[in-house]
Amino acid sequence: MQIIEKTEAIVLRAMKYLESSKIVTLYTEEHGKISVIAKGARRKNNKYGASLEPMTHVMAVVYRKEGRDLQILAECDIVRSYRRITESLQKMSVGLAMIELMNLVAHDEEKNSALFWLLAETLHHLDASHAQPSPLLYFFELHMSGLLGFHPAFDRCAACGRAFTDHPPRKMDIRVLMESGGFLSGACAKKSPGGYRLSVEAFELLLALAHASPAEVPEIVNRDKVVEDETGNFLWTYMQYHIPGIRALNSQKIFTTILQSA
């Protein structure tokens, strides 16, 4: 039985299909990741307009049938288009990394409303921000990890239970137990040389991102690029440890080359 459903969605990917249509991957609030066919979407003056562009936040009407691989897109209207992201190569790099990552980690038709709104709101603040955009990607990766069930535990040392402060001593050793996401500090870190070593500055940035909303991220990041890169490398290593089959992002490879030559 085919039913008509209306749901908010973020466009993750769109590709040509036959002569006049597109296959579009959506991350929806109601059903998680789904693939739909947008018939006639490549025709001139089609009814979809710019609503099928990647990163667009839309309201989609879908003819849905259980067990069908490709659902049918009936209508698609723009809720937010994030136009300012497309005006900046750095913002484009971050925004496309977010949607490519979502496409990689999300399972088909597995509802996660919190994950949908994390993506939507992070894209919204990426669009509005005038600050360096990379920390919003780190914010997204960190909170996405939590919603998938493996958020790092920042509050206390995983070995002795001592509470961390917002500003640990600059020379303190900090290590991360990748399996549990627990942090070790001071003497406990020195006893576990096999953990992932992290600088205090990167730990402070992660701690700030863990307790921030996406609107607050531009205000808390007045950091050295070395610290930002260290934070990004840690998060990527952590996700690789916990998400089977995750691979390097094509969008990051492309934009790294473009930005280096710009």
Here the net charge surrounding Ser35, from other residues whose Cβ is less than 12 Å away from its Cβ (Lys, Arg +1; Asp, Glu -1), is +2
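Keeping the other protein chains in place, figure out the carbon and sulfur percent of the accessible area of the stretch 111-234, with a 1.4 Å probe. Don't skip to the end; give the middle numbers.
On the way: 2970 of 5740 Å².
About 52 percent, which is the carbon plus sulfur part of the accessible surface.
Hey, what's the per residue convex hull volume over the C-alpha atoms of the chain, in cubic angstrom?
Here the figure is 143 Å³ per residue.
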Largest fluctuation, Leu70, Leu206, Leu52 only, Gaussian network model of the chain with Cα springs under 10 angstrom, belongs to Leu70
Listed residues Lys22, Lys33, Lys190; largest mean-square fluctuation, Gaussian network over the chain with Cα springs below 10 Å, found at Lys190
Can you list the lysines whose alpha carbon sits under 19 Å from that of Lys190, skipping same-chain ones fewer than 8 residues off?
-> Lys171
When the accessible area of the stretch 26-80 is split by element with a 1.4 Å probe, what percent falls to carbon and sulfur?
-> 43
Gaussian network model of the chain, Cα springs within a sub-10 Å range: biggest mean-square fluctuation belongs to which of Thr86, Thr231, Thr25?
-> Thr86
Accessible area of the chain divided out per residue, in Å², using a probe of 1.4 angstrom = 51
Residue-count net charge about Asn46 - beta-carbon cut-off 14 Å; Lys, Arg +1, Asp, Glu -1 = +3
Rounded to the nearest 500, what is the 222 nm mean residue ellipticity of the chain from helices alone, with -39500 (n - 2.57) per DSSP H run of 4+ residues and division by all residues?
-> -11500 deg cm²/dmol
Taking the Cβ of Thr237 as the centre, find all other residues whose Cβ is under 12 Å away and add up their charges (Lys, Arg: +1; Asp, Glu: -1).
-> -1
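The values are calculated or read from the model by the stated rules, or taken from the named source; none is laboratory data. No experiment lies behind these values; they were computed from the predicted model shown. Neighbour counts run over all protein chains shown; Cβ positions are idealised from the backbone, glycine included. Calculation scope for accessible area: heavy atoms of the full protein, side chains included, ligands and nucleic acids excluded. Shrake-Rupley method; radii C 1.70, N 1.55, O 1.52, S 1.80 Å.
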